[in-house]
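Input: a single structure, listed below in structure tokens.
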Amino acid sequence: MQVAKAVEQIPPSGIRAFFDLVMGMKDVISLGVGEPDFVTPWNIREHAIYSLEHGYTTYTSNKGMPELRKDIVKFLKWRYDLEYDWDKEMLITVGASEAMDLVFRAILNPGEKVLVHEPCFVAYAPLVTLAGGVAVPVVTSADQGFKVTPKVLERAWTKGVKAMILNYPCNPTGTSYTRNELLAIAKFAKKHDLLVVSDEIYDELTYDFEHTPLATLPGMKARTVYLNGFSKAYAMTGFRLGWAAGPEHILAAMTKIHQYTIMCAPITSQMAGREAIRNGAKEVQAMKKEYDRRRHFIVTSLNEMGMDCHMPQGAFYAFPSIKGLKLGMSSMDFAKDLLEKEKVALVPGNAFGSQCADHIRISYASSYDNLHAAVVRMKHYLEHHRA
Amino acid sequence: MEDILEILINDARTSADEIAKMTGKPVAAVKKQIKQYEQDGTIVHYKAIINPEMVEGNQNLVRALIQVSITPQKDVGFDHIAERIYNFAEVKSCYLVSGSYDLLLVVEGTSIQTVAEFVSSKLSPMENVRQTSTHFLLKKYKDDGRIFKVAQRQKRLNITY
């Protein structure tokens, strides 16, 4: 029996073999991890345990516990002066990833197009494909700090584009946008009457300026599906808890799919999420401060080594180019060689877009001691292998 | 709190070079600031936190928390008597506290007997000491924000998107 064509057509992740190589190796210092190195703050874990002790083990409302939706809506009002109806415009999902899948399935008819900026998180284009849509790449360049601008968007736009993805701060580049930059992107979206799927999962990890949710810009709430979650800000990746907020009719369509496939997000996670959103702000700030120091350390160190690395404005990734090292190899070969010889793991850029064969993603969600040791090993490698 | 202090509290080994990289400040400025902290007494001392249970030959070392009630003295209050007490080498920490007693001491000795002897021959006979209550420490779980645990296995996968 053959598998479905849509699935078959998704390019096999060329990087899978490399991942297997890393997984099989011992004593690796890994800068390849896409999740916080902090454990979920204790008050949040404790609340999850408390909920189990008190028998919270049932299904919840499909949309998620009303209390949690109300808490999030209240938080958004306080944090960004952004207002949503907790019952009609908010859905709790199994991670922001599920919300992303739901949006495309909810809005796309066969063959409709979605602008997907590159480099980007690996799941976007496949999810568009699986929903029957066509992903149209928007190529951003290193010399522009991988920014999505009206110029690159106009260059990529074709007839039949219905929506666009915007992820900021961005995995893997760390790129984010000021309010003015976002206004320019919003103008483009309005001009072409696009829905924007805005993945702002790293919003709390914005270092150089205040994060501006796209939906807060004039006229954008009606054409934005705002995705976020608990994984990155509160170090809760394993809880798999995310949410979507947006126009009522789209959220209703997403809920329809969600109720048949997922039923509801796990109640233990939702209970933990309530504690996070009510009492997590202090821990979030402490983690952010620590990431910020690591960010400065790793970017300075990479540039010292001769890698061209822009200062990422958010998330916990640096995305340097290895071209200046003159190693005469692709980032994939470099990653393999570095792993073999120095046992340092990082992710080759081509995992995130076809144009990124000269880049590597370095996650600084790793202890300072690890980062320091990895830098020493990388320097050692370059001393012996640079021409 | 100031960045440099926060970093050093977390790891006193962090060099000025590294602090400069982490904070984006010039190395010279970081060095100067640290020197000033050392001179004005903001930074008192640098030391390692050791888990005594892991140190060979150290297993017999005992620590006790001792609650001390004292009669304060005219003009100097508790300070004078506190000084007489904290100058003993056995006294590792000394706090003035509110509540049902006045001083809380952390006292260290090579055995229960040596600590008991310190209490009975040095501490209790002091003129202004009214009462003491000694609690021997059985196990240290957490000290100054650090949890004492044998290395844990890594839980994250080595590589993820």
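Couple of notes before you dig in:
- With respect to the conditions (1) buried (at least 17 other Cβ atoms within 10 Å of the Cβ); (2) more than 14 Å from every other protein chain (Cβ to nearest Cβ), B:Ile4 falls short on a single one, namely (2).
- Listed by position, the strands (runs of 3 or more DSSP E) enclosed by region B:91-161 that each have at least 1 residues that are in contact with an Asp or Glu (Cβ under 6 Å, 6 or more places away or on another chain) are B:91-96, B:103-109.
- The listed residues are A:Glu67, A:Glu46, A:Glu53, A:Glu35, and the only one of them that is within 11 Å of chain B (Cβ to nearest Cβ) and either touching a residue at least 12 places away in the same chain (Cβ under 8 Å) or over 17 Å from A:Met332 (Cα atoms) (or both) turns out to be A:Glu35.
- Scanning region A:294-326 for residues that are within 14 Å of chain B (Cβ to nearest Cβ) and more than 24 Å from A:Glu204 (Cα to Cα) returns A:Ser301, A:Leu302, A:Asn303, A:Glu304, A:Met305.
- Some residue of region B:11-19 being in contact with a Lys or Arg (Cβ under 7 Å, 6 or more places away or on another chain), in a helix (DSSP H, G or I) and not basic (Lys, Arg): yes
- For region B:112-134, the count of residues that are within 14 Å of another protein chain (Cβ to nearest Cβ), more than 20 Å from the chain's Cα centre (by Cα), aliphatic (A, V, I, L, M) and closer than 24 Å to B:Glu53 by Cβ is zero.
- Counting only residues that are exposed (fewer than 14 other Cβ atoms within 10 Å of the Cβ) and in contact with a Gly (Cβ under 8 Å, 6 or more places away or on another chain), region A:65-94 holds 0 of them.
- A:Ile250 touching a Lys or Arg at 6+ places or on another chain (Cβ under 6 Å), in contact (Cβ under 8 Å) with a residue 24 or more places away in the chain, farther than 30 Å from A:Phe38 by Cα and aliphatic (A, V, I, L, M): no
- The strands (runs of 3 or more DSSP E) found entirely in region A:51-142 include none that carry 3 or more residues being within 16 Å of A:Ala245 (Cβ to Cβ), modelled with pLDDT under 95 and not aromatic (Phe, Trp, Tyr).
Here is a yes/no grid of residues against (1) under 17 Å from B:Asn128 (Cα atoms); (2) among the β-branched types (Val, Ile, Thr):
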site	(1), (2)
B:Gln67	yes, no
B:Pro72	yes, no
B:Gly77	yes, no
B:Ile81	yes, yes
B:Ala89	no, no
B:Leu96	yes, no
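- Test result for B:Tyr95, surrounded by fewer than 18 Cβ atoms within 10 Å (Cβ to Cβ), within 30 Å of B:Asp11 (Cα to Cα) and not hydrophobic (A, V, I, L, M, F, W, C): yes
- Only one of the numbered conditions (1) out of contact with any helix residue (DSSP H, G or I) (no Cβ under 7 Å at 6 or more places or on another chain); (2) assigned by TED's automatic domain parsing to the domain that holds A:Ile362 is not met by A:Val28, and that is (1).
- For region B:23-37, the set of residues classified as at pLDDT below 95 and assigned to a helix (DSSP H, G or I) consists of B:Thr23 only.
- The condition of being of a type in the set (D, E, K, R), more than 12 Å from chain B (Cβ to nearest Cβ) and more than 21 Å from A:Asn350 (Cα to Cα) holds for only one of A:Lys26, A:Lys5, that being A:Lys5.
The values are calculated or read from the model by the stated rules, or taken from the named source; none is laboratory data. Since we're looking at a predicted model, the values are computed, not measured. Every residue, glycine as well, gets a Cβ built from its backbone with ideal geometry; the counts of neighbours run over all protein chains shown.
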